[in-house]
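Peer 1: Take a look at this one; I'll ask things after.
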Amino acid sequence: MSNGPGQEWMNMKMRDGWALNISRGGVRAILEESVELGEEYEVTVGEEGAGGLTRRGRVVWVQDEPDGVIVGFEFIVKDE
């Protein structure tokens with residue numbers, strides 16, 4: 001997961017994670033590094049460039065765990 005192109009004001013870190021489940025509205029994922037509520041990322045599920053699904057996503061909840069975090073990303077519709 002990475003912040004999208006053209007977002008110079010955002011932290012451009014890439015975060016690897018594991019999707020736990022995905023729906024039309026978003027994805028729940030496990031990450032090793034913490035993220036902040038409201039941050040926006042380009043979320044790719046699957047292999048980037050090899051048919052993976054990529055959508056803009058906003059962090060809507062974070063659950064801290066001993067070895068990382070479980071995160072809820074809401075997909076952002078272009079109209080917003």
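The values are calculated or read from the model by the stated rules, or taken from the named source; none is laboratory data. Just so we're clear, the structure is a prediction, and the values are computed from it rather than from any experiment. Here the Cβ is made from the backbone with ideal geometry for all residues, glycine too, and neighbour counts use every protein chain on show. Only protein heavy atoms, including side chains, enter the accessible area calculation; ligands, DNA and RNA are left aside. Shrake-Rupley method; radii C 1.70, N 1.55, O 1.52, S 1.80 Å.
Peer 1: Can you name every residue in the stretch 40-65 that is open to solvent by 50 Å² or more (accessible area, probe 1.4 Å) and not in a strand (DSSP E or B)?
Peer 2: 46, 47, 48, 49, 50, 51
Peer 1: Hey, another quick one. Return the residues of the stretch 1-17 that are part of a strand (DSSP E or B) and either modelled with pLDDT of 90 or more or open to solvent by less than 90 Å² (accessible area, probe 1.4 Å) (or both); say none if nothing qualifies.
Peer 2: 2, 17, listed by residue number.
Peer 1: Given the structure, is residue 26 of a type outside the set (S, T, N, Q) and either modelled with pLDDT under 90 or touching a helix residue (DSSP H, G or I) at 6+ places or on another chain (Cβ under 6 Å) (or both)?
Peer 2: Considered against the rule, which asks whether it is of a type outside the set (S, T, N, Q) and either modelled with pLDDT under 90 or touching a helix residue (DSSP H, G or I) at 6+ places or on another chain (Cβ under 6 Å) (or both), residue 26 comes out as no.
Peer 1: Assess whether residue 68 counts as being small (Gly, Ala, Ser) and surrounded by 12 or more Cβ atoms within 10 Å (Cβ to Cβ).
Peer 2: So residue 68 fits the description; yes.
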